[in-house]
Amino acid sequence: MTGTMPTTRITADPQVCVGSGMCALTAPDLFDQSDKDGTVLVLQPLPADARIGDAEEAVRGCPSGALRLAEGSAE
Amino acid sequence: MNDMVCPYLTNGLPKVRERPLDPPAIFGQLRAEEPIAPMTFPDGARGWVVTGYEQARTILADSRFSSKAAQKHLAFASDLATDFDLEKDLPPAQFEHMDPPEHTRYRKLLTAEFTVRRVKTMVPQIERIAAGRVAAMRAKGRSADLVKDFSVPMSAHVICELLGIPEEARARFEELSTQALSLDKKPEETKAVLDGLVGLIGEVAMGKLEQPGDDLLTRLIHGGQLEPAEILGVLLLLLVAGHETSANMLSLGTYTLLREPEQLAKLRADEALVENAVEELLRYLTIVHIGVQRTPTEDVELAGVTLKAGETALIHLPSVNRDPERFPDPDTLDVTRRAAGHLTFSHGIHQCLGQQLARQELRVGFTTLLREFPELRLDADPADIPMRDNMTIYGVHRLPVAW
């Protein structure tokens, strides 16, 4: 395979995040929380295919709407 | 008679439950007919009651709805209705009753204290606290009141550790907070207890000025972001939101498991099931039985109805969590089901700040009780266990158990 592969990208807006920790609870390998203010840290912006289900659940479960999944391209 | 007429709540929420662990049946009818239905609050204000899961989730995430105290109403008709003015009597910094940006300012100061990772580091402490309660129960003999001898002191002790209430003040703190949660307090008695708590917290805070510790109170005091009165307000909020709720979930959850022997056996057979069991008990019991209220700041069209600006919607969390569209066979407790997504901790920007601590406390509490007391049983006729129908947080007033 050559060129770019379509992939799923996780984006997070720490300004919107309320630090409930639902993402870090649902998928601790993909998300963590800042020690400073508890807001979301994305550990793996481009999750492996096998982890996309949990990434979707984390996005659905986010109470503040700070998380998004976007179809992007791997560089 | 027209059998299509939907029931109408004319005086706030009904208190009478047909069965102690299920919301009143009228909410099921409402959800089936009108998941957002008009209602009249006990103070005469017209508003809405929301019983559908999707509708509730939508409203709770919608920034056109306000959380301000001035627009909230008492949910149950009560003799106390005229004695308490939510807006006037509110201490400062009660940010559950605020909108952004005021809400954001307080919440952001606290979120780092309650992250998943931070709370995990507290687990050994919580386990020691639970073990201490078990030892105290054993010292009394073969029976105890689980509310007084386990749940309330365990929850109070966890809060003390979190806030940094020192050992020597803990007995007074536990006594006052237990009184604050006890039944049938007259308003002046409640005020005396709250004054006592505020006094105690003030004393402890003075100590932290001299001798900082590694705790939430020290960080608030030395962070320099809040006035002293705001710090007291924040601590009071954390106490009310974190203590009464955890204590009641521990007791009511244990009562529920003891009344559901098949579910209990599953959990006893596989301790790892506890995370799931806690999620399911949170869903099934939804102890915030007065729900939460949101007021549209402009007219909002939703699911075929128009919620006019100023008409407060009461999101009835217990029935939202029993919506069969979201949770199949919702009235059955099933500790193996996927209960994630329940709205017990609410949703949106006000979703419970302490929910990760609550989860750990409940996991440790149930695991400890079941492990240490393999013969744990109710020590009373279930029909004689007094339920907290009249209280803000549902639960049991007493829970006699034996082992």
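Worth a mention:
- Neighbouring Cβ atoms from other chains, within 10 Å of the Cβ of residues in B:348-359, number 4 on average.
- P(r) histogram, all alpha-carbon pairs of the stretch B:26-402 included - 20 Å bins from 0, percent: 27, 60, 13, 0
- Calculated FRET value between B:Arg19 and B:Lys140, using beta carbons and R₀ = 30 Å, to 0.05: 0.40
- Total formal charge among the other residues, if their Cβ is under 12 angstrom from that of B:Pro153, Lys/Arg +1 and Asp/Glu -1: -1
- Computed from the Cα positions only, the extents of the protein assembly as shown along the three principal axes stand at 71, 64, 51 Å, in decreasing order.
- Within 10 Å of each Cβ in B:100-111, the average number of Cβ atoms from other chains: 3
- Normalised convex hull volume, the stretch B:284-403, alpha-carbon set, Å³ per residue: 149
- Taking all pairs of distinct alpha-carbon atoms in chain A, Kirkwood radius in angstrom: 12.5
- Inter-chain neighbour count for A:13-21: the average number of beta-carbon atoms from partner chains within 10 Å of each residue's beta-carbon is 6.
- The B:Lys191 and A:Leu69 beta-carbon pair, evaluated with R₀ = 60 Å, returns a calculated FRET efficiency of approximately 0.75.
- Most fluctuating residue given options B:Ala380, B:Ala93, B:Ala277, as computed from a GNM of chain B linking Cα atoms under 10 Å: B:Ala380
- Karplus 3J(HN,Hα) series, Hz, for the stretch B:274-288 with 6.51 cos²θ - 1.76 cosθ + 1.60 (x for Gly, Pro): 4, 4, 5, 4, 4, 4, 5, 5, 4, 5, 5, 8, 5, 6, 7
- A crude spin-label estimate for the pair B:Asp62 and B:Arg105, with each label 7 Å from Cα along the Cβ direction, gives 2.8 nm.
- Highest mobility in the GNM of chain A, judged by mean-square fluctuation with C-alpha springs under 10 Å and restricted to A:Val40, A:Val18, A:Val59, is found for A:Val18.
Each value in this text was obtained by applying a stated rule to the coordinates, not by laboratory testing. Quick caveat: nothing in here was measured; it's all calculated off a predicted structure. Positions of Cβ are backbone-derived with ideal geometry, glycine not excepted, and every protein chain shown enters the neighbour counts.
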